[in-house]
């Protein structure tokens, strides 16, 4: 909503005209309501009474709502699903086939052989020995 200080004079005039029309229509409504009630003895022309439901009706409504929720929950909650023996066997067979294919593939083992690891360890020891001989505590 815009601030009233930011409106132009023309816009303010339009607002005033609309408010006057609303007031005139409200006066017409009140006069019609006064004719209907027989002279306007009622201080509030449109007395709104709160509808109250009997305890029996409220009990029926509560029971109907509980039945609706029971139907919803009944269709949603069916318990745990179990895997059949045939389904489990199919999964196991597929897993074994996948592992067999992976083992049969010609991918080279990326781990180093013991000889390569020994060579690397010897090189590292030589570097450290050289560093210590120079008096270093870091490489």
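Here are a few things to note about the model shown:
- Fewest-first sequence of 132, 81 by Cβ atoms within 10 Å of each Cβ: 81, 132
- Measuring r between the beta carbons of residue 95 and residue 115 and using R0 = 22 Å, the FRET efficiency lands at 0.05.
- Extended-chain gain in nm, criterion 0.36 nm per residue less alpha-carbon gap, residue 82 and residue 136: 12.9 nm
- Among 3-9, 30-36, the order from most to least packed when residues are scored by Cβ within 10 Å on average: 30-36, 3-9
- Subtracting the Cα-Cα distance of residue 125 and residue 104 from their residue separation scaled by 0.36 nm leaves 3.8 nm.
- Spin-label model, residue 14 to residue 69: label points 7 Å out along the Cα-to-beta-carbon direction sit 5.0 nm apart.
- Take the Cβ atoms of residue 26 and residue 61, set R0 to 41 Å, and the FRET efficiency comes out at 0.65.
- Order of 125, 80 under a 10 Å beta carbon neighbour criterion, fewest first: 80, 125
No lab work stands behind these numbers, since they all come straight from the coordinates. Just so you know, these numbers come straight off a predicted model, no measurement behind them. Heads up, the Cβs are rebuilt from the backbone with ideal geometry, glycines too, and the neighbour counts pull from every protein chain shown.
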